[in-house]
Amino acid sequence: MKLFYYPAACSLADHIALIETGLPYSLLSIDGEKRTQDGRDFLSINPKGYIPTLELEDGVFLTENQVILSYIAETSGKLLPRDGIARWRTFEALAFMSSEIHAHYQPFFRDFPELEKARAREKLAKAFNILANQMGDKAFLIGDEMTIADCYLFWVLMVAPKSGVELPDNLRKGFDRLRARPSVVQAFAEEGLG
Ligand SMILES: N[C@@H](CCC(=O)N[C@@H](CS)C(=O)NCC(=O)O)C(=O)O
């Protein structure tokens, strides 16, 4: 599998999941002209123009973080509870982080008016509280085992300081625990992050 990525962008979640599951992968970055590291036109691969994009062994491309994370989990048989409500809570958390957190980071990635940033901060603060309540004092977001929800959680928490919204204490501690995992350390090194 080949993961198209930008360093420190949301593809970091998929990168961490690939390392955690032990699936073989390679990384391909995209340049400012939307050319892939191996010289292809990225827009012809993914007309949406964004990462993460995953190229499967048969040359098929998958997009959307939630789907790529789910594919990695299903293919490896890891990072996703097999049955019971925890499986659905994992998908629920992915959807929540995508629409209620990731989407509200836009004003901080680009130069949006202050009013829009303030609105986004309000939504983010609410969403972080919901995640904090869900996590409680568990080791991970869904339970005592790491899931793909934690891979995405790591990235959304990493970006939170850009928004100026303070993280609840248990999420900050959860972030620190994830940051220390060998998979995260390896992903940082492979993406050239400090
Ligand atoms: N809906 C997509 C959003 C992905 C996304 O926002 N990717 C950003 C990086 S975090 C991107 O590629 N931005 C580049 C651009 O918009 O040109 C998903 O959940 O995977």
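Things worth noting here:
- Ranked by solvent-accessible area (1.4 Å probe, protein heavy atoms only, all chains present), the residues 179, 110 order from largest to smallest as 110, 179.
- Three-way shape call for the range 85-181 based on the alpha-carbon gyration tensor, with the a/c threshold at 1.5: prolate
- For the range 85-181, averaging the sequence separation of C-alpha pairs within contact (under 8 Å, six or more residues apart) and dividing by the residue count gives a relative contact order of 31 percent.
- Phi angles of the range 14-27 translate, via the Karplus equation with coefficients 6.51, -1.76, 1.60 and θ = phi - 60°, into HN-Hα couplings of 6, 4, 4, 4, 4, 5, 4, 7, x, 5, x, 8, 10, 10 Hz per residue; Gly and Pro are given as x.
- Separation of the alpha carbons by more than 32 angstrom is noted, of 78/117; 48/123; 48/173; 2/126, for 78/117; 48/173; 2/126.
- Whole-percent carbon and sulfur share, accessible surface of the chain, 1.4 Å: 53
- Centroid-to-centroid separation of the range 148-164 and the range 18-71 [C-alpha atoms, Å]: 20
- Filtered chymotrypsin sites (Phe, Trp or Tyr not before Pro), the range 1-34: DSSP coil and at most 11 other beta carbons within 10 Å: none
- Rounded, prolate or oblate (a/c below 1.5 giving rounded, otherwise prolate when a/b exceeds b/c) for the chain by Cα gyration tensor: oblate
- Length gained on full extension, residue 176 to residue 121: 17.6 nm, using 0.36 nm per residue less the C-alpha separation.
- Using heavy atoms of the protein chains and a probe of 1.4 Å, the accessible area assigned to residue 64 is about 70 Å².
- Extension gain from residue 112 to residue 41, taking 0.36 nm per residue of separation minus the Cα-Cα distance: 22.7 nm
The values are calculated or read from the model by the stated rules, or taken from the named source; none is laboratory data. Since we're looking at a predicted model, the values are computed, not measured. Every residue, glycine as well, gets a Cβ built from its backbone with ideal geometry; the counts of neighbours run over all protein chains shown. Accessible surface areas use protein heavy atoms only, side chains included; no ligands, DNA or RNA. Shrake-Rupley method; radii C 1.70, N 1.55, O 1.52, S 1.80 Å.
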